[in-house]
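A quick write-up on the structure given underneath.
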Amino acid sequence: MKFCGQCAAPLASACPSCGAANPPGNKFCGQCAAPLAKTTESRFESPESYTPKHLAEKILTSRSALEGERKQVTVLFADLKGSMELLADRDPEEARKLLDSVVERMAR
């Protein structure tokens, strides 16, 4: 077979070194013995591989606008007894509505 029976994509992979066609599953070229796949596989693709060039350029030119600013803030951490049992089966928006008044009083 030269093409995928599901999507018609070519099954042979070209050797990056000599350009020879190799069947799927080969790790090394049958002509020159060069590796067909990267030996160090990354778990995630590089952003350059899926980010359109025009979008990458826009992000890089407006980097200062995206960085934001530093602010000093006050953070309130609170442990409300029984809140996990109360909110476990609720929608997040509904849970927020239930807790808003309590958090507001604590913040005051």
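The values are calculated or read from the model by the stated rules, or taken from the named source; none is laboratory data. Only a predicted model underlies this, so the values are computations on that prediction, with no experimental measurement involved. Positions of Cβ are backbone-derived with ideal geometry, glycine not excepted, and every protein chain shown enters the neighbour counts.
Taking the criterion of being surrounded by 10 or more Cβ atoms within 10 Å (Cβ to Cβ), touching a Pro at 6+ places or on another chain (Cβ under 8 Å) and either at pLDDT 80 or above or in a loop (DSSP other than H, G, I, E, B) (or both), would at least one residue in the range 93-105 satisfy it?
Within the range 93-105 (the criterion being surrounded by 10 or more Cβ atoms within 10 Å (Cβ to Cβ), touching a Pro at 6+ places or on another chain (Cβ under 8 Å) and either at pLDDT 80 or above or in a loop (DSSP other than H, G, I, E, B) (or both)), the answer is no, since none of the residues qualifies.
Do any residues in the range 86-108 that are closer than 20 Å to Val73 by Cβ and touching a residue at least 12 places away in the same chain (Cβ under 8 Å) have Cβ atoms under 8 Å from those of residues that are surrounded by fewer than 10 Cβ atoms within 10 Å (Cβ to Cβ) and of a type in the set (A, V, I, L, M), where the two are at least six apart or on different chains, and which pairs are they?
Taking only residues 6 or more apart or on different chains, the pairs are Val103/Leu76; Met106/Leu76; Ala107/Leu76.
Out of the range 38-54, which residues are surrounded by fewer than 11 Cβ atoms within 10 Å (Cβ to Cβ), modelled with pLDDT of 75 or more and assigned to a loop (DSSP other than H, G, I, E, B)?
Ser46, Pro52
If you scan the range 59-92, which residues turn out to be surrounded by 10 or more Cβ atoms within 10 Å (Cβ to Cβ) and not in a helix (DSSP H, G or I)? Give the steps one after another, and end with the answer.
Step one: filter the range 59-92 for residues surrounded by 10 or more Cβ atoms within 10 Å (Cβ to Cβ), giving 59, 62, 78, 80, 83, 86-87, 90.
Scanning the range 59-92 gives Ser62, Ala78, Leu80, Arg90.
Please specify each residue of the range 1-23 satisfying the condition of being surrounded by 11 or more Cβ atoms within 10 Å (Cβ to Cβ) and in a loop (DSSP other than H, G, I, E, B).
Cys4, Leu11, Ala12, Cys15, Pro16, Ser17, Cys18, Ala20, Pro23
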